[in-house]
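**Student:** Structure in structure tokens, see below.
Rule-based calculations on the coordinates, nothing more; no lab input. The model shown is predicted, which means the values in this text are computed figures rather than measured ones. All Cβ positions, glycine included, derive from the backbone under ideal geometry; neighbour counts span all protein chains shown.
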Amino acid sequence: MNWLISTLGSSIGKKLMMAVTGLGFIGFLTVHLVGNLTLYSGQDLFTSYVKQLHALGPLITLAELGLLSFAIIHIVIGTLLFYKNLMARPIRYRVKKNAGGRTIGSATQPYTGFIILAFLILHLLNFHFAEHTNKSLYKLISSVFANPLYVGVYVIAMIVVAIHVSHGFWSLFQTLGANHPKYMPLIQKLGIAVSLVFGIGFGFVPIFISFIA
Ligand code: HEM
């Protein structure tokens with residue numbers, strides 16, 4: 001317990017918790033994207049994927065609880081770091097420096113984080129908490145994306161997720177100690193590749209369901 005308090009009390013401890021939880025989200029998003037890709041081949045494959053997933057029973061509940069605790073830690077510490085940065089810089093610098101260079105991802109990291117939180121609340125209301133069975137989940141997704149407003153909101157949210165991940169990926173590896181000049185440019189490129197895969201892979205789903213399927 002003392003270990004946890006002193007870790008959370010230090011700046012590097014806070015950054016470490018952000019990095020570990022961020023890595024957890026990248027793992028979750030990868031699994032979630034692979035599952036969502038079955039939507040591209042229609043109702044049958046998606047429904048059999050959902051059935052197999054839900055057959056895992058208690059393991060899914062455990063993963064959901066893990067994800068929820070990671071989300072709470074990431075949001076609380078992220079907000080604390082954002083507030084601390086705001087307080088430390090009452091007068092804005094004209095040029096903000098960042099070890100990875102100033103990118104749209106680094107400049108907007110806390111703001112994209114808050115937008116993703118708002119998206120997540122909407123998303124869970126749309127799909128997780130909406131009444132459905134394994135069989136009716138595909139129909140639920142089709143009915144949500146029959147509304148062009150939701151298609152627009154989801155596509156914009158996926159662009160925001162991609163921007164957040166583009167910097168988060170680089171930043172978490174730097175915190176975890178991979179900040180060697182030899183590896184960082186590669187990690188930065190990998191971060192952009194991962195964010196493009198998430199942005200395009202998730203972002204095209206609402207368009208596909210709404211206009212093509
Ligand atoms: C177009 C993109 C997306 C689609 C179509 C989609 C679809 C879904 C569906 C259908 C569920 C409910 C699964 C079930 O009840 O069995 C779900 C759950 C969830 N989604 Fe997404 N999702 C998308 C993008 C995202 C993104 C980008 C995030 C994170 C930033 C996310 C986070 C979650 C979470 C946390 C859950 C709850 C997981 C659980 O409790 O088991 N989703 N999603």
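**Student:** In whole Hz, what ³J(HN,Hα) sequence does the range 50-65 give by Karplus (6.51, -1.76, 1.60; θ = phi - 60°), x for Gly and Pro?
**Tutor:** Whole-Hz 3J(HN,Hα) from phi for the range 50-65: 5, 4, 5, 5, 6, 5, 6, x, x, 5, 5, 4, 4, 5, 5, 5.
**Student:** For HIS167, HIS180, what's the fewest-to-most ordering of other Cβ within 10 Å of each Cβ?
**Tutor:** HIS180, HIS167
**Student:** Work out how much length LEU117 to SER41 would gain on full extension: take 0.36 nm times their residue separation and subtract the Cα-Cα distance, in nm to one decimal.
**Tutor:** 24.4 nm
**Student:** Pairs on different chains or at least eight residues apart, Cα atoms closer than 25 Å: how many lysine pairs in the chain fit?
**Tutor:** Value for the chain: 16.
**Student:** In addition: Counting other Cβ atoms within 10 Å, which chymotrypsin sites (Phe, Trp or Tyr not before Pro) in the range 137-206 have at most 14 and lie in a DSSP loop?
**Tutor:** Passing sites in the range 137-206 are TYR183.
**Student:** Grab the DSSP H runs of the chain that are 4 residues or longer, score each as -39,500 (n - 2.57), total them, divide by all residues and round the 222 nm result to the nearest 500 deg cm²/dmol.
**Tutor:** The helix-only estimate for the chain comes to -25500 deg cm²/dmol at 222 nm.
**Student:** Express in nm, to one decimal, how much length is gained between LEU140 and LEU56 on full extension, taking 0.36 nm for each residue of separation and deducting their alpha carbon distance.
**Tutor:** Gain in length upon complete extension: 28.1 nm.
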